[in-house]
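> So that we are looking at the same thing, I have put the structure below in structure tokens.
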Amino acid sequence: MPRTLPMALLGVNEDADFLNILSSFQDNAIGNTCRSDDTILLIGRHLWRKDRTKVDKHDEVRKSVMAEMRNLAALFVEFQKHEEDPHSSNAKVMFSREKWSILEEAVICLTTTATPQSPDAHLKYGLKNTLYYLMMKSADILQGEALTVKGVKERQRWMNCNTSSPF
């Protein structure tokens, strides 16, 4: 009869492994955002915990979590370029209804490419789909966090959240 194994027997050390992920980011705007933004750290930690039992696929899970955190940080850095006061916010601001138009501009800037040699823009369909599903996962994580930890006012704000997207 199959039995579940305790995490201690699997040899998974979540804190050290997640710190290893954070130390692997490059020292640039996106890497620093991944390491410093509380919302991106919360989402990354949740994504890491979700798949931490896949011991035989440790490297794939690590690379997947890093890629998702980098994509979210890149979107947030682009979002800050379009916002009026870019230094007063964290990544959670991207999920508010008042900022949908700014988020839409950031998504368009990230998912289209126009070079000086070729002025007509080309859409990056794969990146756009990746960002869409990442934003949906992130919104679910933040909603769950708000429902379990935050106060009544924060819960109501997330429960009334519109499911429309800028994609």
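> Any idea which residue in the range 36-50 is surrounded by the fewest Cβ atoms within 10 Å (Cβ to Cβ), counting only those that are over 18 Å from Tyr132 (Cβ atoms) and touching an Asp or Glu at 6+ places or on another chain (Cβ under 9 Å)?
Arg49
> Which residue pairs have Cβ atoms under 6 Å apart, sit 6 or more places apart or on different chains, and have a first residue in the range 37-48 that is in contact (Cβ under 8 Å) with a residue 12 or more places away in the chain and more than 14 Å from Phe95 (Cα to Cα) and a second that is of a type in the set (Gly, Ala, Ser) and part of a helix (DSSP H, G or I)?
That search, which allows pairs on different chains as well, returns Asp37/Ala91.
> Further question: Does Glu68 satisfy the criteria of being of a type in the set (D, E, K, R) and either touching a residue at least 12 places away in the same chain (Cβ under 8 Å) or farther than 21 Å from Glu104 by Cβ (or both)? Can you show your working first?
Details: of a type in the set (D, E, K, R): yes; either touching a residue at least 12 places away in the same chain (Cβ under 8 Å) or farther than 21 Å from Glu104 by Cβ (or both): yes.
Yes; evaluated as a whole, the condition is true for this residue.
> With Glu105, Glu84, Glu98 as the choices, which residue is farther than 26 Å from Ser24 by Cα and either surrounded by 13 or more Cβ atoms within 10 Å (Cβ to Cβ) or of a type in the set (Gly, Ala, Ser) (or both)?
Glu105
Rundown of residues vs (1) modelled with pLDDT under 65; (2) outside any loop (DSSP other than H, G, I, E, B); (3) farther than 21 Å from Trp48 by Cβ, yes/no style:
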position	(1), (2), (3)
Ile108	no, yes, yes
Pro119	no, no, yes
Thr130	no, yes, no
Ser138	no, yes, no
Asn162	yes, no, yes
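> Check Glu104, Glu68 and return the single one that is within 23 Å of Gly144 (Cβ to Cβ), modelled with pLDDT of 90 or more and among the acidic types (Asp, Glu).
Numbers: Glu104 fails: within 23 Å of Gly144 (Cβ to Cβ).
The match here is Glu68.
The values are calculated or read from the model by the stated rules, or taken from the named source; none is laboratory data. Small disclaimer: the values here were computed from a predicted structure and weren't measured. Glycine also receives a Cβ, built like all others from the backbone with ideal geometry; neighbour counts cover every protein chain displayed.
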